[in-house]
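K.L.:
First the structure, then my questions, so here it is.
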Amino acid sequence: MQSVKDITVKQLGQDLHLSWQTNDSVQLTRDGTTLVTGAVQQYVDSNLVPLAPVQYELETGEEFLTIDTALVLDEGQLFWNQKSTIIIRSDQELLIRWGAIPDVESYSVFRDGKRLGETAEHEWYEASPQDVSARYEIRALRPASQENTPLSSVMEGALKLLNTLKREPDREREFESFIFYVRLHPFGRDIDSVAEETIRARLRILTFIAPPILKNPNLLSPHIYFEGDDRTYDPHASEYRTLTEIAMTSLTDNAHVLLDKKANPTRSLTSTGRLRSEDVASTREVHLENIAKKQHSLQFTVYHSVGNPLVIAPDINYTVHTAFERERWRLSGTHLRSPHHEIYLQTESNTFIPVHQTHDLGLSFLADPLPSCHWLFMEAR
């Protein structure tokens, strides 16, 4: 019996090397195109677009396996775009592999929000039926750089004092966060729940401050309090710091993308709760780059840098790369760990599915140095 553990996928240069251990005759296909048949044990694929999600199907008699992955890059701005990630499934097995993260000793694994355990290896194996949808998260923390920027020591001292007075933990501030999301659709060729062909989609990215009121950790600032957004995660929220939305149409032909960007007013309050100042941040530095499109395929990168219009504070900076290829999505990004970030994807179902959600570091969002969050979202059908 061919097991998911018998499959090896390695990237060498711009080629993917796939190998398996069975001596039986096999058929390997990629997105419906037959690549090789017969009593072979390996195949080298040299015709891939970097970062585009790809699925292989390996069939041996009545056994059937799928391999989901993407060709990664040697360099770039996004951490996960340089790390190989692989999802291998049969009807009774699951194997998730990811590139080792330097200085990380263990990874926490979750399924549908429930913690499954920890692993020191950079893979997770389960012998379990694959006939239902599931969402896995692999999480890791790594000590963050302690390099300071101008004024950061003053700000950091003030926020640590306030965190102590409010009994807010500050230890998270010492770590970078790494998250790998895996969305699994029911496995099999004849599953009734296979999604209809995606013609249009919408990517929605929001940043927000959860509390209704936030105290400024800079004790010397005339802006004593800031008005927050008073909410939790919600793709339809009207309260936010920034909202970036990319509408994608004609995905089965020659895709079109349209960027919409907004910022809500930033308001500072007096100690009595009265409005002191109000202004709207500029969204000039929110834009799309690297747009590449063809039939059933689209890639682009969102760059976002929006400052606080009232005080000197770190900008809300993030980068998101989106890749769509034949009904599969691969999204990756990085951002500072404040404020709250949430990213959603809407397709033909008209439901916004969560891609990425992270909480902020409390009062730390107003001060450097801030650690980053690096995340990746992949799906397998």
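K.L.:
What do you reckon, how do L116, L71 stack up by accessible area (1.4 Å probe), largest on top?
P.N.:
Ranked list, largest accessible area first: L116, L71.
K.L.:
Now for a different question. Heavy atoms of the protein only, probe of 1.4 Å, neighbouring chains included. What is the accessible area of T358 in Å², nearest 10?
P.N.:
About 20 Å², ignoring ligands and nucleic acids.
K.L.:
Taking each pair of distinct Cα atoms in the chain once, what is the resulting Kirkwood hydrodynamic radius in Å?
P.N.:
Hydrodynamic radius (Kirkwood, Cα only) of the chain equals 22.5 Å.
K.L.:
Let me see the P(r) profile for region 172-271: every Cα-Cα distance counted, bins of 5 Å, each bin given as a percent of all pairs.
P.N.:
The distribution over region 172-271 is 2, 9, 12, 11, 15, 16, 11, 8, 6, 4, 3, 1, 0, given as percents.
K.L.:
Now for a separate question. Around E285, with a cut-off of 11 angstrom between Cβ atoms, what is the net charge of the other residues, counting Lys and Arg +1 and Asp and Glu -1?
P.N.:
Result for the neighbourhood of E285: +1.
K.L.:
Assuming a ≥ b ≥ c are the square roots of the Cα gyration tensor eigenvalues, decide whether region 221-263 counts as rounded (a/c under 1.5), prolate (otherwise, with a/b larger than b/c) or oblate.
P.N.:
prolate
K.L.:
On full extension of the chain, what length is gained from D15 through S305, given 0.36 nm per residue of separation minus the C-alpha to C-alpha distance?
P.N.:
Answer, rounded to one decimal: 100.9 nm.
K.L.:
If you don't mind, another one. What is the spin-label model distance, in nm, from L220 to D131 if the labels are put 7 Å beyond Cα along the C-beta direction?
P.N.:
6.7 nm
K.L.:
Using only Cα atoms, what Kirkwood radius does region 1-125 have, in angstroms?
P.N.:
For region 1-125, the Kirkwood estimate is 15.7 Å.
K.L.:
Pop out the ³J(HN,Hα) list for region 303-314 in order, Karplus 6.51 cos²θ - 1.76 cosθ + 1.60 with θ = phi - 60°, rounded to Hz; leave Gly and Pro as x.
P.N.:
10, 9, 9, 10, x, 7, x, 10, 9, 7, 7, x
K.L.:
Moving to a separate point now. I'd like the FRET efficiency for E63 and E239, computed as 1/(1 + (r/R0)^6) with the beta carbon distance as r and R0 of 45 Å, rounded to 0.05.
P.N.:
The value I calculate is 0.30.
K.L.:
In terms of the Cα gyration tensor, with a ≥ b ≥ c the square roots of its eigenvalues, is region 78-121 rounded because a/c is under 1.5, prolate because a/b exceeds b/c, or oblate?
P.N.:
Because a/c hits 1.5 or more and a/b fails to exceed b/c, region 78-121 counts as oblate.
K.L.:
Same structure, new question: When the scattering of region 292-374 is computed by the Debye formula from its Cα atoms alone, each counted once and equally, what is log10 I(q)/I(0) at q = 0.22, 0.24 Å⁻¹?
P.N.:
Debye intensities relative to I(0), on a log10 scale: -1.07, -1.18.
K.L.:
Straight-line reach from K5: which aspartates and glutamates have Cα under 12 Å away, leaving out those fewer than 8 places along the same chain?
P.N.:
In chain and number order, the partners are E93, E123, E126.
K.L.:
A follow-up question, please. At R0 = 41 Å, how high is the FRET efficiency between L275 and N254 if r is their beta carbon distance? Nearest 0.05 is fine.
P.N.:
Efficiency for this residue pair is about 0.25.
K.L.:
Now for a separate question. Put a dot 7 Å past each Cα toward the Cβ at E121 and L35; how far apart are the dots in nm?
P.N.:
If labels sit at L35 and E121, their model points lie 2.3 nm apart.
K.L.:
Right, another one. Could you give me the ³J(HN,Hα) list for region 249-262, computed from phi with Karplus coefficients 6.51, -1.76, 1.60 and θ = phi - 60°, whole Hz, x at Gly and Pro?
P.N.:
These are the phi-based 3J(HN,Hα) values: 10, 6, 5, 8, 10, 10, 4, 10, 10, 10, 9, 10, 9, 9 Hz.
K.L.:
F187's amide H: which non-local residues (gap 5+, or another chain) put their own amide H closer than 5 Å, with H modeled 1.01 Å from N in plane and none for Pro or chain starts?
P.N.:
The answer is D131, V132.
K.L.:
Here's a follow-up. Which FRET efficiency value, to the nearest 0.05, is calculated for D24 and A100 with the Förster distance at 41 angstrom and r the Cβ-Cβ distance?
P.N.:
For D24 and A100, the calculated efficiency is 0.80.
K.L.:
What is the extension gain from F175 to S349, computed as 0.36 nm multiplied by their sequence separation minus the C-alpha to C-alpha distance, in nm to one decimal?
P.N.:
Gain in length upon complete extension: 58.9 nm.
K.L.:
Under the classification rounded if a/c is under 1.5, otherwise prolate if a/b is larger than b/c and oblate if not, where does region 237-353 fall, given a ≥ b ≥ c as square roots of the Cα gyration tensor eigenvalues?
P.N.:
Note, shape of region 237-353 comes out prolate.
K.L.:
Per residue and in Å³, how big is the convex hull formed by the alpha-carbon atoms of region 251-313?
P.N.:
Dividing the Cα hull volume of region 251-313 by its residue count gives 98 Å³.
K.L.:
Same structure, new question: Which cross-chain or sequence-distant (5 or more) residues have an amide H under 5 Å from the amide H of L71, H modelled 1.01 Å from N in plane?
P.N.:
L51, A52
The values are calculated or read from the model by the stated rules, or taken from the named source; none is laboratory data. Small disclaimer: the values here were computed from a predicted structure and weren't measured. Don't worry about glycine lacking a Cβ; one is built from the backbone with ideal geometry, like all the others, and counts go over all protein chains shown. Accessible surface is based on the protein model in full, side chains and every heavy atom, while ligands, DNA and RNA are left aside. Shrake-Rupley method; radii C 1.70, N 1.55, O 1.52, S 1.80 Å.
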